[in-house]
Amino acid sequence: MFGGSGKKKENDLEDELFIFTRYKPGGLDSLCKGSHFNKKEIRLMYQGFKQECPSGFCTEEDFKLIFAKYFPQGDATKYAHLVFKTFKSLSCHQTGVLNFEQFLNMLSSLSRGSLLEKLRWIFALYDINGDGFISKQEMLVIVSAIYDMLGDYVIPYVDSVAPKDHVERLFHLIDADKDGVISFDEFTEWCKKDEDRAQALLMFDTIF
């Protein structure tokens, strides 16, 4: 009666406790060694993280609310979902939440990491299905989400056709062998010609 199902309930309870128990990150020294931030920066980031996520874990809903505060002029829901999904996949964390170390390490890679670190992260964001290539449809999903997020900040005003036009131009530039998909090598080769291109792909810039 209590055989396999009892064990399963016990495991489920352990998972719940892991997710909802208040979490404390490791010491500052270890956090500094594992990131490109100093102790003062980490303290400030932890204060902000705890304010937004008092449990010590960041759920996808927490993440969406944080993005909504930074981009009140648009709808950041879709982009926040895609970014959070990338955070989880790159940190190999499948519980549905992120702890502070994982959050810190991702920010470290994006803001202070090498160009290759940044490019790996951005490529993973655009490679939604994780097959190692970026399709035109995947790029359209990301670009459309960023247009939605920026909302009124997109100047001049754009209609629903603008993201498709943007993707057509951008995809043509990056897809060097014209096989209909963008490999990581093609992606890195294009971005390395101008490092600003990587940042533009991450937070979006209508310069293309």
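Since every read-out is calculated from the coordinates, none of them should be taken as a lab result. Computed from a predicted structure; not experimentally measured. Note: ideal-geometry Cβ built from the backbone for every residue, glycine included; neighbour counts use all protein chains shown.
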For the range 27-112, size of Cβ-based charge dipole, Lys and Arg +1, Asp and Glu -1, in debye: 220 debye
Distance between modelled label sites at residue 81 and residue 28, nm, 7 Å Cα→Cβ extension: 4.0 nm
Highest average packing first - 135-148, 113-126, 164-177, Cβ atoms within 10 Å: 135-148, 113-126, 164-177
5 angstrom amide H check on residue 57, placed H, neighbours 5+ away: 23
Stretch gain in nm, segment residue 40-residue 59, where the contour uses 0.36 nm per residue and the Cα spacing is subtracted: 4.3 nm
Cα-projected label distance for residue 162 with residue 89, points at 7 Å along beta-carbon direction, nm: 2.7 nm
Where labels lie 7 Å past Cα in the beta-carbon direction, separation of residue 199 and residue 116 in nm: 2.2 nm
3J(HN,Hα) from dihedral phi, the range 65-73, Karplus parametrisation 6.51/-1.76/1.60, rounded to Hz, x for glycine, proline: 5, 5, 4, 4, 5, 7, 10, x, 7
Across 78/136; 39/193; 164/192, pairs whose alpha-carbon gap is larger than 22 Å: 39/193; 164/192
